[in-house]
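Notes for the one structure printed next.
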Amino acid sequence: MIPISHILGLGLTLFAIGLAGVLARKNLVTILMSAELMLNGVNVILAGYGHHMKSPTGSIFALFVIMVAVSEAAVGFALMLSYFRQKPTCNLDEINDLKG
């Protein structure tokens with residue numbers, strides 16, 4: 001059995017890598033992938049705690065987070081594809097059409 005500290009370490013590492021990607025990158029695709037990595041880090045922690053406490057609650061929450069992640073990815077990539085058809089750029093510095 002894997003100790004809970006290792007599961008927490010893995011989840012926090014995935015979350016930290018994703019957070020660094022969101023904060024440091026300018027490419028919209030990379031930011032969306034980093035957000036997915038952050039959500040997967042949370043999923044690892046939720047599933048690990050659920051398994052450690054012998055309760056299905058953590059897995060149920062992880063399933064809910066997966067559904068939110070899929071929805072977020074679908075909406076994000078659809079918006080990005082729609083914008084890319086008008087202006088072929090994925091750089092956040094060049095996307096300034098939504099500013100008021």
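The values are calculated or read from the model by the stated rules, or taken from the named source; none is laboratory data. Model, not experiment: these values are computed from the prediction. As a convention, Cβ positions derive from the backbone with ideal geometry for all residues, glycine included, and neighbour counts pool all protein chains shown. Keep in mind that these areas ignore ligands, DNA and RNA; they rest on the heavy atoms of the full protein, side chains included. Shrake-Rupley method; radii C 1.70, N 1.55, O 1.52, S 1.80 Å.
Tabulated results
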{"quantity": "Residues of region 63-87 that turn out to be under 20 Å from PHE15 (Cα atoms) and of a type in the set (A, V, I, L, M, F, W, C), as a count", "calculated": "9"}
{"quantity": "Qualifying residue in region 8-22 (condition: part of a loop (DSSP other than H, G, I, E, B) and open to solvent by 40 Å² or more (accessible area, probe 1.4 Å))", "calculated": "no"}
{"quantity": "Residues (of a type outside the set (Gly, Ala, Ser) and closer than 13 Å to ILE45 by Cβ) located in region 3-35", "calculated": "ILE4, HIS6, ILE7, LEU8, LEU10, LEU12, THR13, LEU14, PHE15"}
{"quantity": "Number of the exception - GLU36 against (1) open to solvent by less than 80 Å² (accessible area, probe 1.4 Å); (2) of a type in the set (D, E, K, R); (3) more than 14 Å from the chain's Cα centre (by Cα)", "calculated": "(3)"}
{"quantity": "Extreme residue, nearest to PHE84 (Cα to Cα), among residues of region 19-42 that are charged (D, E, K, R) and touching a helix residue (DSSP H, G or I) at 6+ places or on another chain (Cβ under 7 Å)", "calculated": "ARG25"}
{"quantity": "Complete set of residues in region 1-21 that are at pLDDT below 95 and among the β-branched types (Val, Ile, Thr)", "calculated": "ILE2, ILE4, ILE7"}
{"quantity": "Which numbered condition LEU28 fails, given (1) over 30 Å from LEU92 (Cα atoms); (2) of a type in the set (A, V, I, L, M, F, W, C); (3) buried (at least 17 other Cβ atoms within 10 Å of the Cβ)", "calculated": "(1)"}
{"quantity": "For PHE77: the one exception among (1) of a type in the set (Phe, Trp, Tyr); (2) modelled with pLDDT of 90 or more; (3) under 25 Å from GLU94 (Cα atoms)", "calculated": "(2)"}
{"quantity": "Hits in region 31-62 (condition: farther than 23 Å from GLY9 by Cβ and assigned to a helix (DSSP H, G or I))", "calculated": "ILE31, LEU32, ILE60"}
{"quantity": "Some residue of region 69-84 being part of a helix (DSSP H, G or I), open to solvent by 90 Å² or more (accessible area, probe 1.4 Å) and touching a helix residue (DSSP H, G or I) at 6+ places or on another chain (Cβ under 6 Å)", "calculated": "no"}
